[in-house]
Structures are given as structure tokens and as C-alpha cells.
Amino acid sequence: MSSPHVSNVELDVEGLGKISGLCFDGQTCQYYGIPFATVPGRFRRAKPAAAPWPENKWDGTKLGSFPRQPPRDFYPIPNPQRPWVENPVQSSTECLNLNISVPTPPAESAGKAEYPVMVFYHGGAFVYAAGNAAIYDGRKLAEISKQLHGIPTIIITPNFRLGAFGFLASKEIREYNQEHGEDGVGNYGLWDQVEALRWIQKHISAFGGDPKKVTLFGQSAGGVSVNVHMLRNEPLFSSAIIQSGLLPLCGVMSVDQYQVVYDKLLKVLEIPESLPPRERLQKLLEVDETQLTMAMIPVGVIPVLTYSPCDDHYLIGDRAIPTYSQYSDFHPPDWCQRVIIGDVANECMIWNKTYREHDAEEFISRIKSFLKDDTKAQKFFDLYDIKPGMDRTETFYKIEKFTTDGLYTAVDWLALRSHPQMYAYHFDVPSPFDNEWNGLAHHSLDNVYIWGLLKHLLPPHQQKVSETMTECWLRFANGQDPWERFDKSGKIMIFEDDKCVMKTVQEDAARGYEKWEEIEKAGLLDDFQFLCDDLCMRRREMTDPSVEPQALKVQDLSTLGIKTKSQLFGAGI
């Protein structure tokens, strides 16, 4: 794929000053690293960024810092190349910036306030990734919007704090927040997102965007984020796309549960228990960023660390965060009635390192020990044909399907039945990339097809699916129907390996709708979610004060005798 011709542009932003940016082939322009808020201190709520910019100008040709995070040992998607920018540094205090991709140069777009806007919150279990990661570069999506579809659309990708920096809570931190006049505790990364949306409402018209036509979309933890902002009920966007994740997906932790995580972090960092609580917190506030980041690893128990929103009875008002069973009464706010919701076929491959050591007996034992009720356990065994004697490969994919249903698809179906005016989809496209997730429609793979950056690496028949998905997302952001709403046709869009097809629930019955309804009728939806959370995220251990922090040894699939899905295709499994 040929590199674009890159030149410099400038744009006046009222109240802030002049920003420089990059223009690609004289058309699509990007403005990087724009500060939308500042961090007054660790475990503090962000404040709006100062205005105007220093010396009334901003260099938008360089990526801003991205959020501090631990290393990740495996990522199943190739990294797009951006030779025109240098990779940024990590910082938990300087990362509150966003990137704007505009489909036209300033002479065509500046100040018009006409273009729809798409704001994306990335996934990564609230621990990993960044809005300025190459895989979420909005240049291609903005370019496609104008050149191929004639519906020019602005794409924005903000950063927000992650991991302990963005989500850690405790009684001591809550008191510390109160000292600074800040209500609630934890959820700093989510409040960062609020500041980004407020900044966009105030300033996007200078770039040509219409603040009344903002689509908020997110995948995984980003989908959770979209759901949070719908529940917060502040009208900072007008439509929403929830990809692979309603609010409870990454778990929801109480202040007491986070207290255990906090205490374990202090122990790993060797902050003495003998000190008064306020002094212990002060030492934590002074710990080097890298040290605190690495301390998250043994405390987190699992290889793919996962942090959760804190149910502080402030994030979404004085209400408790809803459980999965309460999505039987799901309704978007009046100001955001247009919603897409969907999932992918093999979501829980993302946590496969947590459960892939389980044989059939261990899988059955964990279900029984968690539920502590043989009748409940037997219901799940019967519905999912879980039985002793399954070999490792069958057990592995049985767990993956079971947990994908329990954390993603069952609750999506519950929400869709409650609010059928949504546009629903399932993504079943198998990965063509040469790694151990090849052949799986795995978690996060849908981003490849929507953003279009890696389309040239896809086989031709999948390139057509990618083109359709990109068009659907853009049409939705422009107020058009991406496909038929569920209430109008009773059909769901299925993105398959070589085509996109609308199917009724009956035509798509093998996915498991009847199972999920059986679980709902038995009153086991919340048990299902908590059980799958336990299998994937092992939150019980993370929040159990008697479990010592320790590194988890992870074995390769091959050493466990588990065949990859691509190997299994030939066997017809």
C-alpha cells in the first residue's frame, strides 16, 4: 500500500488559538495530541484543559502521550504503519489528549459545523491500548466517508487513564477525593471520557463538526464506556454504537472489593502496614509510575489484567450499576434513541490464558464450587452439554462458548428484546491472520473491518465485508439506516466470512437464543455472568484478602494438547 503525500495545514480554533496539523494527499487532515483536560494529581478527577493554548497555538503534528499500562504479551492483529509520526511516550498525567481526523482541508470545513462526528472509546479491559494507537487511526475512515460515500464524517479518538491510575478505589482514596471537593471514588478514566465529550461539544464546530450529530462508539471496555455515558444521562452525543460490551462486562466492583486490591498493591510495593492509612496513601501517591504499573500484574491474578468500574453510587447518579438481569428493562435515554448493539462469535478468546489449563473435570468442579447449588449447576451442564471425559480441545472451546454467551451475547439479546428499536448484529468473520487465533471471529477483530486500515491484508471476499461494515457505521453516524432495525423486521445483521446477511432468530437459532432464554426463565442470568466472570477474570481471587498476590505461570496451547481453531476446521469441528 503506497504512502500518502503529507503536508502541513493550520486552523483557527475560537477560544484556543491556532493549531497545526497534517494533510494527506491534500484532502484528509489530522490534528494530534490536543489536550482536553489536565490531571491535578494521581487518583484525582480531571479538570478541563486551560484555554487558550500556550502562546495561542498548538502543534497538532505530533501524537500526545498515551496512558501508562503494563506490557501485553500477545495481540492478534497486525499493527498499521504510520511513518509520518513518532510513537509517543507513556504518562498517567499527560495522556488526556485526543486526535481529530477531518475528511477535508480547513478551506472546506473550518467553522461550518456541518459534518457528523464519530467519537471512539477503545477497549483493552480498562488496562491496555490507547486512543492514539495505530489500529484506531481515523484517517482512513474519514477519507472513506467523503471519497467513497459522499458523507464526510469527522473521527475522534481520545485517550483516558487506565488501570490503577484510572480506576483504583479505596476508603482512603475516597476521603482524599473528598478533601479536594470531589465526590465518588475510582472511575477516573471514565470521568476523563466525560471531559473529552464536553470538549468536543464546545470546540468541534471549529473543525467543521456538528456538535448535535455526535455518535459515541466503543468496543469491549469502550462499549462498557458508551453504556456508562448513556446511563449518566448527560446529552453529550446523539447516537451510540456498543460493540462487544454492556456495562457489567469487565465486572463491577464495590469500594470494599477495591479496598482489597488497594491493600494488595500496597503490600507488593512494600508500603508498611504499620503506617497510618493517610501516610500509606501518601506513599502510594509518590510511587514511581512504572513501579505502580508493574505492581498491578501480581495483584491482577490473570495474564490479561482487567480493571472494573467502581459502583460508588455517584458515577451514574445515586443508583447502583445494573446487573445483567436488569437489562431485561434496558432503554436508552430519550436524547439517544439511535443505537447499534452487537458482538463477535469468539469473544472470550481474550481471556483464554485464564481458563485454558482446565480439563473437563476442573471446568465442572469450578462451576459446582462457584454456584454451590447442584440444581443450578446441572441446568448449565444440560444446556451446554458439559460432561466428564471431554478432551482438552473440546473443553477449551466449550468454555470459550460458555463464557462468550455469559458475558456478551446473552445480555445483548436481553437488551435487544427489551428495546427492539436498536440495530443488532453478530460478527462471525474468521481471522485470516497467521497466529494462534487464526480462523476465529475473536474479540476485537471487528475493529479491523470497520476502520479499514488493514483491508489490504484481508482476502478479497473479506475485503467486501470490510467495505460493507465501514459503510454501515458511517451511514449510521449520518442518520441513515445501516440495515433494518430489529423491531421492523425481526432480523439481525450477520457479518459472515464472505457476505453480510440479515437473519431472523429462527434462522440463526444455532447461536443459542433458546439457551439464554432458558437461563433467564430459571432466574440464573446473574449467576451466569458472575460464573463466567470467575472463569475468565478470577475476580474472587483478586478481591479475596486471603489470596496472596503472585505471578501466574502461563503455558502455551501446544503444551496443553489444545488444537487451534484453524487446525480444527479440517476436522469439521
Looking at (1) modelled with pLDDT of 95 or more; (2) over 16 Å from Gly166 (Cα atoms); (3) within 28 Å of the chain's Cα centre (by Cα), which is the only condition Val301 fails?
-> (1)
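A quick yes/no check of all residues on (1) outside any loop (DSSP other than H, G, I, E, B); (2) in contact with a Lys or Arg (Cβ under 9 Å, 6 or more places away or on another chain):
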site	(1), (2)
Lys398	yes, no
Val411	yes, no
Leu414	yes, no
Val429	no, no
Pro432	no, no
Trp437	no, yes
Asp446	yes, no
Ile450	yes, no
His456	yes, no
From the list Asp334, Asp382, pick out the single residue that is surrounded by fewer than 21 Cβ atoms within 10 Å (Cβ to Cβ), assigned to a loop (DSSP other than H, G, I, E, B) and free of Cβ contacts under 8 Å to residues at least 12 places away in the same chain.
-> Asp334
Count - residues of the stretch 16-26 that are more than 30 Å from the chain's Cα centre (by Cα) and touching a residue at least 60 places away in the same chain (Cβ under 8 Å) | 2
Is the stretch 18-41 home to any residue that is surrounded by fewer than 16 Cβ atoms within 10 Å (Cβ to Cβ), of a type in the set (Asp, Glu) and touching a helix residue (DSSP H, G or I) at 6+ places or on another chain (Cβ under 9 Å)?
-> yes
Got at least one residue in the stretch 84-102 being outside any loop (DSSP other than H, G, I, E, B) and among the charged types (D, E, K, R)?
-> no
Name, by its number, the condition in (1) in contact with a helix residue (DSSP H, G or I) (Cβ under 9 Å, 6 or more places away or on another chain); (2) crowded, with 22+ Cβ neighbours inside 10 Å; (3) part of a loop (DSSP other than H, G, I, E, B) that does not hold for Asn132.
-> (1)
Name the one entry in Thr354, Thr395 that is within 29 Å of the chain's Cα centre (by Cα) and closer than 21 Å to Ile519 by Cβ.
-> Thr395
Note: among Met493, Met502, just one is of a type outside the set (Ser, Thr, Tyr), more than 23 Å from the chain's Cα centre (by Cα), within 19 Å of Met422 (Cβ to Cβ) and not in a loop (DSSP other than H, G, I, E, B), namely Met502
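Checking the condition in a helix (DSSP H, G or I), over 23 Å from the mean Cα position of the chain (by Cα) and surrounded by 17 or more Cβ atoms within 10 Å (Cβ to Cβ), which residue from Glu471, Glu520 passes?
Every option except Glu520 fails the conditions.
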Condition set farther than 19 Å from Phe126 by Cα and of a type in the set (D, E, K, R), scope the stretch 59-95, selection surrounded by the most Cβ atoms within 10 Å (Cβ to Cβ): answer is Arg82
Please indicate, with yes or no, whether at least one residue in the stretch 352-366 is within 23 Å of Phe217 (Cβ to Cβ), crowded, with 23+ Cβ neighbours inside 10 Å and touching a residue at least 60 places away in the same chain (Cβ under 8 Å).
-> no
At least 2 residues that are of a type in the set (S, T, N, Q), over 25 Å from the mean Cα position of the chain (by Cα) and surrounded by fewer than 22 Cβ atoms within 10 Å (Cβ to Cβ) in each: list the helices (runs of 4 or more DSSP H) lying fully within the stretch 146-265 that qualify.
-> 171-179
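The values are calculated or read from the model by the stated rules, or taken from the named source; none is laboratory data. Predicted model, so just to flag it, every value in this text is computed and none were measured. In this analysis, Cβ positions are derived from the backbone assuming ideal geometry, glycine residues included, and neighbour counts consider all displayed protein chains.
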